[in-house]
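Values quoted throughout were computed directly from the atomic coordinates according to the rules given, and no laboratory measurement underlies them. In this text, all values refer to a predicted model and were calculated from it rather than measured experimentally. Note: ideal-geometry Cβ built from the backbone for every residue, glycine included; neighbour counts use all protein chains shown.
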Amino acid sequence: MMNRYYFYPFILCMLVNTIFYVPVILVEYRFQGAWLAILFAIVFGSTLAYLFTRTMRQFPGQGLPEIFEQRLPVMLSSVISFSLGLLWIVAGGVVLIAFSYIAKMFLNPSIPIEQLLFCLIIVSCYAATRSTAAINYLSEIILIFILPIVVFILFKALQSETFEWNAIMVTTEYIFEIPSWNTLATAMFCFTGYMTLIVLNRFFTWRISLTHFWLVPVTGAITLVSTFLIPIGIHGTQAVENYLYLWVNTVDSLRMEFGFIERVVFYYLMVYVAVSLLFISMSWHIGTELVSSIFRGQSKRYRWIIVGVVGIATWWYGRLTNEKQLIMVAEQWFMIRFMMELLLVLLMVLIGRRKQ
Amino acid sequence: MRRRLGVLFGVLFVLLLFGLSGCGFKDIDKRFFVVAIGIDQGKEKQYKVSLKLAIPTHRIEPGHAAFQIISQEADTISQALELLNSNVDKELDLGHSKIFIIGRNLANDEILTTTDWIFRGSDVQRIEYMALANPSAEEILEASPRSERVPADSLILSFGHEKIGSSLAVTEYLYDFYNRMFELGKDPFLPVVSKKGKSFEVNQVALFNKKELKMVIQPGQTELFSQLVRKPSNFVVSVKKDHLRYSLLIQSFTYRYQIQTPRQQPPILQMDIKVRGRIQEANQALFDKNWGEIERIAEKNIENRYKNLLESMQKHQIDPIGFGLHYMARNHYGKKEWELWQEIYSKMKFNITVDLEIESTGIIK
């Protein structure tokens, strides 16, 4: 039963994709291979996840730094830990800034972005320094509350009066276009939840069971397809690329005549406050754990310093950047993550082989 | 150490509480809620923006809807709004605006530029209704029927499905209009709100191609149009043949169509419509007659009216129902599909068959 914690990071990464510009990028390439990218992502993403999990479960209760300790030279393991840590810290930072833009745009246009960033960063920094177990418990509590609302929003979107299946059918014409690496890397983000095992594996002191692993490709496919197709069904094949906050606008195009709140978008924003904060906390937690592992033995002391530096850096970058740059950063991040993930899985599979 | 940290956090949290000064630093009593937005062509400047503001009152009674209309001319809409904001003593809040009306004069080839402001702004709901005003948006905003309980209530309710749906008021939302402005093979339309005495009526629909207003559908065709693009609602069909006259209330309406492109022959749009209805009035007893014959008269009537509607839309080369999108969804010829479709559409023949079923003749024979 405790195995269920294995799936929460997956669900979290799947949910956060609408904030992380995944649908915007996929929709931009809807005539240039987004379909095939989704298909490949489902196959490759779940294969990588399967291989990685199968290796990691040979080391119950050990994170990446502990596994590397006796098997790799100190320098190499430090470099890998540091770059992976940085990768996750940047992910959290991008989501944090992206969400504060959304909050400023749709919740409170008059709030200065500095204040908004400050509030979000304080909460995330605090949460990121908690123990791995606490983060896991937190994600369970939050996901139980919000998943019904997410399912409801999806259902509501398909029920929409103006939902146009023909528009979706038009995009199927381009189903066999070869995707660019960029699109593929973006689509694969939905499956990146397994990467959290590099730190969260410390929590799994037992052998993770893979009996229910089929849930990963299934939920991933549902998420990716609906992330990509529902905006097209509602905004049409052409106008859909004009929207910057694609999913916020899609949800704002839904109407609930008999609800307490007519605009469905407020349910969505409420859900995404929780999802974003949870994702930021988890990714910063992973980031700080990995980076602090470089300082052997004294890692506890450095944790706060690292989180503080990350917070200040995010705050600075959030003030300076704009949406155009942020989307570009996100796109680059997907690409880098894609390559690092491939290398990491390869490395881990080799290490796992040698152990046997 | 731990305790001191705890105390520090406690103090910090209490300090944070002072930051909570209410609704985005502007309290609800410092805001004016805009319930409807209207844009007209200005006399001196380019645009005239009119806003209907709700004045909060403690009693809600029919005929006592308190509102205020402010309007301002300017060359851009955002400029007009800024000027308007300085005219009133409170902050204008567009988040509760439910309907956006464009003056008839602005329905020209600049319509996308005119409406850019509303599509770009994040404070306006995407599910806002959109309509065309005849003659001007300002006059429609000023109209307040005597039954109105809340400002602009009657205007908003005309379009919602919550009330008994009128088949003459075709609903169009902001996001859907924007979608149709760009979509290949699906053209925009807007319901027309016309002034009538102290009130207004909604029974026409304006059809656009991507650039300008092409035709206006009159009552008699509006209800037929509304069945094709929106959720079907009840509508009345009155028929007459020889000595027989009767009216039907259509309660269920479903349709499907397919586009056939045989070689050497003009393309055909085969549309099958299935309707069920109840007789509402007749000039003679119908119960003992052959219902099949009676049905055939109405079928013929509906067939012809739909044919007229579709052919007149075809004549103007507009396609608000989305036949083009339907065609492109099912035929995969790559990029030249769109040109192919335009050629097909201009030559298309409409073949409509209606299958009508009378459910009852009411409570008398």
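Using just its DSSP H runs of length 4 or more, each adding -39500 (n - 2.57), chain B gives a mean residue ellipticity at 222 nm of -9000 deg cm²/dmol after division by all residues. Relative contact order, percent, of chain B when contacts are C-alpha pairs under 8 Å separated by at least 6 residues? Here the relative contact order equals 13 percent.
Note on the stretch B:329-347 and the stretch B:255-307: Cα centroid distance 29 Å, given to the nearest whole angstrom.
At an R0 of 35 angstrom, the distance between the Cβ atoms of residue A:300 and residue A:226 translates into a FRET efficiency of 0.25.
With a simple spin-label model that places each label point 7 Å from the Cα along the Cα-to-Cβ direction, the separation between residue B:317 and residue A:211 comes to 6.6 nm. A simple spin-label model places pseudo-atoms 7 Å from Cα toward Cβ; at residue B:276 and residue B:116 they are separated by 5.1 nm.
Within chain A, the whole DSSP H helices whose Cα atoms reach 20 Å or more along their own axis and whose mean Kyte-Doolittle score is at least 1.6 are A:74-102, A:113-128, A:132-158, A:215-235.
Neighbour counts of other Cβ atoms within 10 Å put B:109, B:89, B:123 in the fewest-to-most order B:89, B:109, B:123. Taking all Cα pairs closer than 8 Å and separated by 6 or more residues, the relative contact order of the stretch B:28-218 comes to 21 percent.
Summed over qualifying helices (DSSP H, 4 residues or more, each -39500 (n - 2.57)) and divided by its residue number, chain A shows a 222 nm mean residue ellipticity of -23000 deg cm²/dmol.
Among A:223, A:53, B:113, sorting on how many other beta-carbon atoms sit within 10 Å of each Cβ, with the fewest leading, yields B:113, A:53, A:223.
Fully extending the segment from residue A:50 to residue A:134 would add 27.7 nm, taking 0.36 nm per residue of separation and subtracting the current Cα-Cα distance. Report the residues of the stretch B:105-139 in range of a label on residue B:45: point 7 Å along Cα→C-beta, backbone N strictly under 20 Å from it. Label zone hits: B:105-107, B:110-121, B:136-139.
If R0 equals 41 Å, the separation of the Cβ atoms of residue B:196 and residue B:29 corresponds to a calculated FRET efficiency of about 0.70. Subtracting the Cα-Cα distance of residue A:107 and residue A:155 from 0.36 nm times their residue separation leaves 14.9 nm of extension gain. For A:205, A:171, A:211, the sequence from fewest to most other C-beta atoms within 10 Å is A:211, A:205, A:171. Under the shape rule built on the C-alpha gyration tensor, where the axes satisfy a ≥ b ≥ c, the stretch A:1-126 is oblate, since a/c reaches at least 1.5 while a/b does not exceed b/c. When the charge dipole of the protein assembly as shown is built from unit charges on Cβ atoms (+1 for Lys and Arg, -1 for Asp and Glu) and taken about the Cα centre, the candidate among B:108, A:100, B:314 whose Cα reaches farthest toward its positive end is A:100. The modelled label-to-label distance for the pair residue B:289/residue B:339, using points 7 Å beyond Cα in the direction of Cβ, is 5.4 nm. Which of rounded, prolate, oblate describes the stretch A:143-279, given a ≥ b ≥ c as roots of the alpha-carbon gyration tensor eigenvalues and a/c under 1.5 marking rounded, otherwise prolate only if a/b is larger than b/c? Oblate. Could you calculate the FRET efficiency of residue B:255 with residue A:339 from 1/(1 + (r/R0)^6), where r is the beta carbon distance between them and R0 is 41 Å, rounded to 0.05? Efficiency at R0 = 41 Å is approximately 0.20.
The chymotrypsin sites (Phe, Trp or Tyr not before Pro) of the stretch A:258-356 that meet both conditions, a loop assignment by DSSP and at most 16 other Cβ atoms within 10 Å of the site Cβ, are A:258, A:260, A:295.
How are the Cα pair distances of the stretch B:197-237 distributed, in percent, across 10 Å bins from 0? Result, from short to long distances: 25, 45, 27, 3 percent. Pairs of Cα atoms under 8 Å, at least six residues apart: use those to get the relative contact order of the stretch A:184-338, whole percent. Relative contact order here is 26 percent. Taking a ≥ b ≥ c as the square roots of the eigenvalues of the Cα gyration tensor of the stretch B:28-218, is the shape rounded (a/c under 1.5), prolate (a/b larger than b/c) or oblate? Oblate. Pick out, in residue order, every one of the GluC sites (Glu not before Pro) in the stretch B:167-213 that is DSSP loop and has at most 12 other C-beta atoms within 10 Å; say none if there are none. Those satisfying the criteria are B:212.
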